[in-house]
Amino acid sequence: MSIIAGFALFFATILGMEVFAYVVHRWVMHGFGWFLHESHHQPRTGFWELNDWFFVIFATPSVVLLVLGTSGTTGDWATWLGAGIAGYGAIYLGFHDIIVHRRFETGYVPRWNYMKRIVQAHRLHHVVQTKHGTVSFGFIYAPKPEALKAELKRREMAGVRVAGIQDASGRSVEQA
């Protein structure tokens, strides 16, 4: 496989992972996988949460593809595909865990309109504490915050936490 085709597969995989992540977040994490994901919509009590198992689950195909591709067991396509999945995982880790949820404090403050938009959309996703009724399930793409707020209002804010009370990571929490 040429280097150009490899990079094309790598970037196509990252884009495909956004579609995959949306579907899994919307219908698995907020569906039958809620027993793991629910921990992510609650105030964190430690560094780890049950939701972190999803990171392990989704990293597994990447590791397998990278091992198969680099060992010569399969074609180069497996290496590029595994690298694309890992690339998306790195974007997810940087955006979701570091920038939005501040698991590691960097002092980064989003100034670029795109970053502000996806951070705000993800925070609007987290104002709902139940598995139903939330908005914005993507990580690289997010609808405009105004549209998300209008949708939450249309849903009469069912499941929304009390505004203004936040934990150390900036996530809204329920009032005791």
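Would you mind telling me which residue in Phe47, Phe95, Phe139 has the biggest mean-square fluctuation in a Gaussian network model of the chain, where springs connect alpha carbons within a distance under 10 angstrom?
Phe47
Compute the helix-to-body angle for 76-92: its Cα long axis versus the longest principal axis of the chain, expressed 0 to 90° and rounded to tens.
Relative to the chain, helix 76-92 is tipped by roughly 20 degrees.
Which of Val24, Val56, Val119 moves the most in a Gaussian network model of the chain with Cα springs under 10 Å?
Looking only at Val24, Val56, Val119, the largest GNM fluctuation is found for Val56.
Keeping the other protein chains in place, figure out the carbon and sulfur percent of the accessible area of the chain, with a 1.4 Å probe.
Answer for the chain is 69 percent, counting heavy atoms of protein chains only.
Hey, got the dipole for the chain? About the Cα centre, +1 on K and R Cβ, -1 on D and E Cβ, debye to the nearest 20?
With only Lys, Arg, Asp and Glu charged at Cβ, the dipole is about 640 debye.
Which residue fluctuates most in the GNM of the chain (Cα springs below 10 Å): Gly72, Gly84, Gly138?
Comparing Gly72, Gly84, Gly138 in the GNM, the peak value goes to Gly72.
The values are calculated or read from the model by the stated rules, or taken from the named source; none is laboratory data. What you see is a predicted model; the values in this text were computed from it and never measured. Every residue, glycine as well, gets a Cβ built from its backbone with ideal geometry; the counts of neighbours run over all protein chains shown. What goes into the accessible areas is simple: the full protein's heavy atoms, side chains included, and nothing from ligands, DNA or RNA. Shrake-Rupley method; radii C 1.70, N 1.55, O 1.52, S 1.80 Å.
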